[in-house]
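Visitor: Encoded as structure tokens, here's the structure I'll be asking about.
Coordinate-derived values only; no laboratory data. As the structure is a prediction and not an experimental result, all values here were calculated from the model. As a convention, Cβ positions derive from the backbone with ideal geometry for all residues, glycine included, and neighbour counts pool all protein chains shown.
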């Protein structure tokens, strides 16, 4: 098995070798290139390469699929920023802010088609199941985004509803990335399902960590400090707080108009609820469920250790 950093390097090299038309089509493809170069952890394509190799394939056999999955992920970010009217992404101007709304939409559409083209370059024997998984995952991601939009106008969102939303919007793409790697390697259906569950549960832990970092990591996270608080965004922290004895105070704090006072007031309430500990406990729960699924696979101990290492890296990240 390669190391996580080696898988990441494979992805970065593949992205650096992409060539897009210029000239009259520069306006279409420059945002695509810019979006792909925004960086991030490349977690999803890394999972595809890891899983393919763990089940007996060479990473190069899964490289195009991994690249397609990364393109798909970044396509969703371009459109997310339009829907959220977000000026920044990972600490720099979003594609929307840099190139405009129309370019973000059209270039995002282009990225989706390019992603599908890359995924289709898997070995022929894996093509049908891989495309089935890719398309199923894409539809679920869109469903999760719609739920997220719906939640913006609802004051009665429950924590279980939120968890289902982030499962669809975030976790299923990690699960699909892992399952596609297993399918490319010809893994049995049951084994592919187990590695899917591992990555899906890891995705839930990952998103709750994101919710926590938005409040407690701030600028290090490449986002405005307390951005979720300012936007009254439904997060694990907020919904947990609204289900606590401090709910009346939380609702009152959310009505504060001064941005800094609002962030300080809500964060102080989170501190009183010991929200860091509560979040950490939830993250540990989903991480444990991921590891339980991993332990049920027939992977070698060496391969399993690579996936455990990935869990550890995500658990201790600060951004």
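Visitor: Looking only at 298, 255, 240, which one moves most when the chain is put into a Gaussian network model with springs between Cα atoms under 10 Å?
Guide: Fluctuation is largest for 255.
Visitor: Which of 168, 28, 78 moves most in a GNM of the chain, Cα contacts under 10 Å?
Guide: Answer for the Gaussian network model of the chain: 28.
Visitor: OK, next. What angle, in degrees between 0 and 90 and rounded to the nearest 10, separates the Cα long axis of helix 101-119 from the longest principal axis of the Cα atoms of the chain?
Guide: 40 degrees
Visitor: Expressed as an acute angle from 0 to 90° and rounded to the nearest 10, what is the orientation of the C-alpha long axis of helix 275-296 relative to the principal long axis of the chain?
Guide: That helix lies at roughly 20 degrees to the long axis.
Visitor: Now a separate question. If packing is taken as the average count of other Cβ atoms within 10 Å, what order do 126-139, 145-158 fall into, highest mean first?
Guide: Packing order, densest peptide first, comes out as 126-139, 145-158.
Visitor: Can you give me the angle between helix 259-272 and the longest principal axis of the chain, using Cα atoms only, in degrees from 0 to 90, rounded to the nearest 10?
Guide: The helix 259-272 is inclined about 90 degrees to the chain.
Visitor: Additional query: Of the residues 105, 256, 195, which exhibits the maximal mean-square fluctuation in a Gaussian network model of the chain defined by a 10 Å Cα contact cut-off?
Guide: Result for the chain, Cα springs under 10 Å: 256 fluctuates most.
Visitor: Once you put a point 7 Å from the Cα of residue 3 and another 7 Å from the Cα of residue 233, both along the Cβ direction, what distance in nm separates them?
Guide: Rounded to a tenth, the inter-label distance reads 3.2 nm.
Visitor: What's the extension gain from residue 16 to residue 83 if we count 0.36 nm per residue and subtract their Cα-Cα distance?
Guide: 21.3 nm
Visitor: Further, regarding this structure: Subtracting the Cα-Cα distance from 0.36 nm times the residue separation, let me have the gained length for residue 272 to residue 190 in nm, one decimal.
Guide: 25.1 nm
Visitor: Thinking of the chain as a set of Cα atoms, what percent of all their pairs are more than 24 Å apart?
Guide: More than 24 Å apart: 55 percent of the Cα pairs in the chain.
Visitor: As an exercise, use a Förster radius of 51 Å and the Cβ-Cβ distance of residue 308 and residue 257 to find the FRET efficiency, rounded to the nearest 0.05.
Guide: E(calc), rounded to 0.05, equals 0.65.
Visitor: Relative contact order for the chain: what is it in percent, counting Cα pairs under 8 Å that are at least 6 residues apart?
Guide: After rounding, I find 18 percent.
Visitor: So how much slack lies between residue 246 and residue 98, counting 0.36 nm per residue of separation and subtracting their Cα-Cα distance, in nm?
Guide: Numbers: separation 148, 0.36 × 148 = 53.28 nm, distance 4.11 nm.
So the chain would gain 49.2 nm between residue 246 and residue 98.
Visitor: Relative contact order for the range 123-170: what percent, with Cα pairs under 8 Å and sequence separation of 6 or more?
Guide: Reported relative contact order: 49 percent.
Visitor: Would you order 161, 70, 189 from fewest to most other beta-carbon atoms within 10 Å of each residue's own beta-carbon?
Guide: Least crowded to most crowded, the residues run 189, 161, 70.
Visitor: Can you sort 179, 312, 140 so the residue with the fewest Cβ neighbours within 10 Å comes first?
Guide: 312, 140, 179
Visitor: Another one. Any idea what the relative contact order of the range 32-168 is, in percent, if you count C-alpha pairs under 8 Å spaced at least 6 apart? Let's see the in-between values first.
Guide: Values: 125 pairs, mean separation 30.3, N = 137.
With pairs under 8 Å counted, the relative contact order is 22 percent.
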